[in-house]
Each structure stands twice: as C-alpha cells, then as structure tokens.
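Working notes for the structure below.
Values in this text are rule-based calculations from the coordinates and carry no lab data. Just so it is clear, the structure is predicted and the values come from calculations on it, not from any experiment.
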Amino acid sequence: MCGIKLLTSVYSIYQNSPDAMQRNIEQVRAIDSQMADQMEANMEEMQNNAYLRLSPYLEIIYTLLSFAAVLLMWNLKKNGFYMYSIVEIIPYISLFFVSSKSVSIPGLSASAAASLMVFGTVLMIIIDLIFVFLYFRNLKEMTK
C-alpha cells in the first residue's frame, strides 16, 4: 500500500507542475471550454495556496514515515505503533489548511465535489482506524 501511495505522490508532483497542468487545460479546452476555465481557476488557487503546493511532498514524507513505523512494528517495537498512529492522523489535521475553493473538481458542482471529498476522507479514516485497531490488538506482543 505504501508503494502505491508513494508512486501516486510522485506522479502528482509531475501532474501538478504548471507546464503539465497547462497542457491538460489546453487538451480539455478543445472539448469543453467551461471545464478548462474551471481547471484554470483550480490551477491559480493551487499556485496561490502554499499548502496545496507542498501537499504532494508532504504525502511522500507521511508515506515514508508510515513505512518506517510499519518496519518498526514488524520488528516488534511498540514505538512503531505510536509513530504509525500519529503519522496516520496528521494528514487529516492538515485538511483544515485547504480552502473550500480548492475542493472543486472540473465537471462536478461544488456540492458534489465536496461530497466526494468528504466520502473519500471518511473512507480513508475508516481504513486507517481499522489498521490502527489491528496493530493495537498486537501491541502486547511488541517490546519497547
């Protein structure tokens, strides 16, 4: 799972570069100019929001820390569990730094995009809580 997330984070760094985004916008403009305008507005919002510019890099750091925590737990270290739990919570706290304007998804209304983001976030929280619970059940097997 960490490998897939790491690859998607690296790919998003490439896709979020201004040149790549501009190429995508021009391709979409040939099909739907309104959607291209919305993509352009998203690109401007991303360039103006420091958190959105840093987000792909932060995801790589979170993924590497999560992987390190899993390796510690693999070696039966309790510190790995605590580290994993913290690293899994931090990305959700950082969602408070995302403005509502940056939630828009081209082709969807603002409420549909927000609903999709909430659904995805809730799903990821549930999955993370399941993993934390499963690791917690084995905490008694781990040493300091």
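General observations
- Above 19 Å, the calculated P(r) of the chain contains 61 percent of its Cα-Cα pairs.
- CD proxy at 222 nm, helix term only [per DSSP H run n ≥ 4: -39500 (n - 2.57); per residue of the chain; nearest 500]: -26000 deg cm²/dmol
- Per-residue 3J(HN,Hα) values for region 119-129, derived from phi via the Karplus relation 6.51 cos²θ - 1.76 cosθ + 1.60 with θ = phi - 60°, read 4, x, 5, 4, 4, 5, 5, 4, 4, 4, 5 Hz in sequence order (x marks Gly and Pro).
- GNM flexibility winner over the chain from Ala36, Ala69, Ala50 (Cα, springs under 10 Å): Ala50
- Global form of region 5-51, assessed from the alpha-carbon gyration tensor, a/c cut-off 1.5: oblate
- Using θ = phi - 60° and Karplus 6.51 cos²θ - 1.76 cosθ + 1.60, couplings along region 28-34 (whole Hz; Gly, Pro as x): 6, 4, 5, 9, 8, 5, 5
- Among Ile90, Ile31, Ile125: highest mean-square fluctuation, GNM of the chain, C-alpha pairs under 10 Å: Ile31
- Scanning residues 5 or more positions from Lys77 or on other chains, those with amide H under 5 Å from its amide H are Thr143, with H placed 1.01 Å from N in the peptide plane.
- Result for the chain in a Gaussian network model with C-alpha springs under 10 Å: among Gln34, Gln22, Gln47, the largest mean-square fluctuation is at Gln34.
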